[in-house]
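Worksheet: the structure to be examined is printed underneath.
The values are calculated or read from the model by the stated rules, or taken from the named source; none is laboratory data. Model, not experiment: these values are computed from the prediction. Neighbour counts run over all protein chains shown; Cβ positions are idealised from the backbone, glycine included. Remember, those area values only see protein heavy atoms, side chains included, never the ligands or the DNA or RNA. Shrake-Rupley method; radii C 1.70, N 1.55, O 1.52, S 1.80 Å.
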Amino acid sequence: MKKCLSLLLCAAFCLSAAAEVNYQVIPLPQQISLDKSGQFFTLSEGMKVGYPADNAQMKRNAEFAAEYFGLTTTTEKKSADITLAIGLKSSNPDDYAISVGKKGITIQGASESGVFYGIQTLRKSIMNETGEIRLPYAWVCGSPRFGYRGTMLDCARHFFPVPFIKKFIDILALHGINRFHWHLTEDQGWRFEVKALPELAQKASMRPRTVIGKNLYVNDPAVALYDDTPETGYYTQEELREVVRYAAERYITIVPEIDLPGHMIAALSVYPELGCTGGPYKVWEKWGISDDVLCAGNPKTLEFLKTVYGELCDIFPSTLIHIGGDESPRTRWKTCPKCQAKMKELGLTKEAELQTYINKEMEAFLAQRGRKIIGWDETLEGGLSENAAVMSWRGYNGGKAAAKLHHQVVMTPTDNCYIDYYQLKNHDKQPLAIGGYLPLSKVYAMEPVPADLTPEEGKYIIGAQCNLWTEYVVSPDHAEFMLLPRLAAMSEVQWMQPDAKNYEQFLTRLEPLLKAYRKLGYKYCPTYE
Ligand code: ACM
Ligand code: ZN
């Protein structure tokens, strides 16, 4: 009996003691070629990650690798067991190749970002293993399909503090996502500190209470139910600079959004003269679309916007700056003397063109700073400004129209990308959501480049993105539950060629990733459809 027990223990020990990795992670590398020799490189304590001494980004890459693998770093080539290098011949800076052989592991990138993605692939390959980790001799390489691989987080409907924002960035990095579209302002709260306009942070960030549940369009205060919980918070410029730095270390560019001319009630609550009626306005306590937007005929509106965006550019180095543009009714503009006078002055015939007028002004202002605008697909309605990129959310048609006009497009249609929607059919198993139904399989099935575009037009689709709006997402844990594992599916949309994608196969690779989420303390939706 004793012998039997020790045999069993030995078997269990041996199983856990020699883990063999297979490099089959999410997103799946483009190529995994195992060496015919069947030999292994064994990762062991005391090994070193080598990097070129003259490159600060590579030093940081080496520190990440050392942290993930429990090793130390060195700039001495000879003593490195894992060597990080740039110089992989490829026009895509994010490409990487990992070679595992007799001499150890080399992770080569077409640039520093490529090295980072190679490290992430290796990290995910070994993450769940304990004991001796054996890496079969192999050649593994990755190459993302799209340059823009985004996720949007709305921090205005609910405020998410900086430690969570950093965790969110870590989650993006784990999935090879390289754009964090940060939605910073809304009717229900302004979250971006503007030094020249201090009331925005001090007052417009305060929502005294919030409508409860699905009283979405209830306007009668006697009927609507509200909580008694103030929702407050904004990011100081110092915090924002720190988040930008944190994201850049992980090769993530933050695309900040100040939504204009709609979704501006919070700003109007402190600067009512910028609205067509003059107010008064108060930070919205309910969800929906407001008729009150910025007055397009008041010269102070552009002054205000240039002050805000000027400070935004000082903090965020992104070339793309998001100007919003969605859900902005033109009702007030139709009857506002200032807006009508502006239309007459400019010879405009439709109110939608007033929105284009503002966009053109902002485009010129931002171009002076070397930036380019991107806006939601409503920006097409009055005619796109010259260099504007488009984020297509009301289906694929806006994106298609923009691509045909040779404007860059990020595809983020509600049907495949709105991860504020329910992810399971059975609503009892999930927290209250805005509605809809977006299961994991439907995110995975997304094809960002519509088949009826010509190959030339298709090149204007620069990427895809998931959006997490937070009307009903009330906490960091809740946000993680909505993000995961749907971000895993999005990462394969962003990285893989369509003919290489396979949902059944993806699901087999998802299980180890879920285990990694648990290890990292990430909440996720444990069932998926
Ligand atoms: C949006 O979902 N209003 C862009
Ligand atoms: Zn007006």
Going through the range 226-249 one residue at a time, which ones are surrounded by fewer than 18 Cβ atoms within 10 Å (Cβ to Cβ) and not hydroxyl-bearing (Ser, Thr, Tyr)?
-> ASP227, ASP228, PRO230, GLN237, GLU238, GLU239, ARG241, GLU242, ARG245, ALA248, GLU249
In the range 76-128, how many are β-branched (Val, Ile, Thr), farther than 15 Å from GLN30 by Cβ and in a helix (DSSP H, G or I)?
-> 3
Pick from the range 301-336 the residues that are closer than 16 Å to ILE373 by Cβ and within 16 Å of ligand 2 (Cβ to nearest atom): which of them is surrounded by the most Cβ atoms within 10 Å (Cβ to Cβ)?
-> SER328
Residues that are in contact with a Gly (Cβ under 7 Å, 6 or more places away or on another chain), closer than 20 Å to THR470 by Cβ and of a type in the set (Gly, Ala, Ser): find the helices (runs of 4 or more DSSP H) completely inside the range 253-338 holding 1 or more of those.
-> 265-270
Of the residues LEU135, LEU197, LEU172, LEU184, which is more than 28 Å from GLY310 (Cα to Cα), crowded, with 18+ Cβ neighbours inside 10 Å and hydrophobic (A, V, I, L, M, F, W, C)?
-> LEU135
Taking the stated definitions as given, is TRP495 in contact with a strand residue (DSSP E or B) (Cβ under 8 Å, 6 or more places away or on another chain), within 16 Å of ligand 1 (Cβ to nearest atom) and not polar (S, T, N, Q)?
-> no
Enumeration of residues in the range 434-443 that are touching a Phe, Trp or Tyr at 6+ places or on another chain (Cβ under 7 Å) and either buried (at least 20 other Cβ atoms within 10 Å of the Cβ) or closer than 19 Å to ARG394 by Cβ (or both) | ILE434, GLY435, GLY436, TYR437, LEU438, LEU440
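Taking the options ASN397, ASN387, ASN359, name whichever one is more than 16 Å from ligand 1 (Cβ to nearest atom) and among the polar types (S, T, N, Q).
ASN387
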Which of the residues spanning the range 343-397 are of a type in the set (Val, Ile, Thr) and either open to solvent by less than 10 Å² (accessible area, probe 1.4 Å) or closer than 18 Å to ILE258 by Cα (or both)?
-> THR356, ILE358, ILE373, ILE374, THR379, VAL390
Looking only at the range 296-330, and only at residues there that are more than 16 Å from ALA364 (Cα to Cα) and among the aliphatic types (A, V, I, L, M), the one that is farthest from ligand 1 (Cβ to nearest atom) | ILE315
